[in-house]
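Take a look at the structure set out below.
The values are calculated or read from the model by the stated rules, or taken from the named source; none is laboratory data. Predicted, not measured: the structure shown is a model, and the values here were computed from it. Cβ sites come from the backbone with ideal geometry, for glycine too, and all protein chains shown count toward neighbours. Heads up: the accessible areas ignore ligands, DNA and RNA and are worked out on the full protein's heavy atoms, side chains in. Shrake-Rupley method; radii C 1.70, N 1.55, O 1.52, S 1.80 Å.
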Amino acid sequence: MSTTLNLKQKIKQGEIVVALRPPITISADDLKRAADKGSYDLVYIDGQHTAFNDDQLVAICGAAESIGLPVQFRI
């Protein structure tokens, strides 16, 4: 069994959570390269202050899923 805490557990236990905040237009390959440069718990997308469309949101969510990171999306 893994000893790594999942995101909800880390938040509940008051652990530090680190978010990667790329532009919503980032490619899957660039997202992976960015994520490999640090230790991130999630991908954060700001939909309130950034123009986006549904296709971009679906693409970045899929890219994040492929590298094992959940997405926090601010509406």
May I ask for the net charge around F52, where only other residues with Cβ less than 14 Å from the Cβ of F52 are counted and Lys, Arg are +1 while Asp, Glu are -1?
-1
How many nm separate the modelled label positions at T25 and Q13, each set 7 Å beyond the Cα in the direction of the Cβ?
4.0
Given H placed 1.01 Å from N in the peptide plane, which residues other than close sequence neighbours of Q72 have an amide H under 5 Å from its amide H?
V43, Y44, I45
How charged is the neighbourhood of A35? Take every other residue with its Cβ under 13 Å from the Cβ of A35, and add Lys/Arg as +1 and Asp/Glu as -1.
-1
To the nearest 20 debye, what charge dipole does the chain have about its Cα centre, counting +1 at the Cβ of each Lys and Arg and -1 at the Cβ of each Asp and Glu?
320
Helix-only [θ]222 nm of the chain, DSSP H runs n ≥ 4, -39500 (n - 2.57) each, per residue, nearest 500:
-10500 deg cm²/dmol
On the protein heavy atoms, probe 1.4 angstrom, tell me the percent of accessible surface of the chain carried by carbon and sulfur.
52
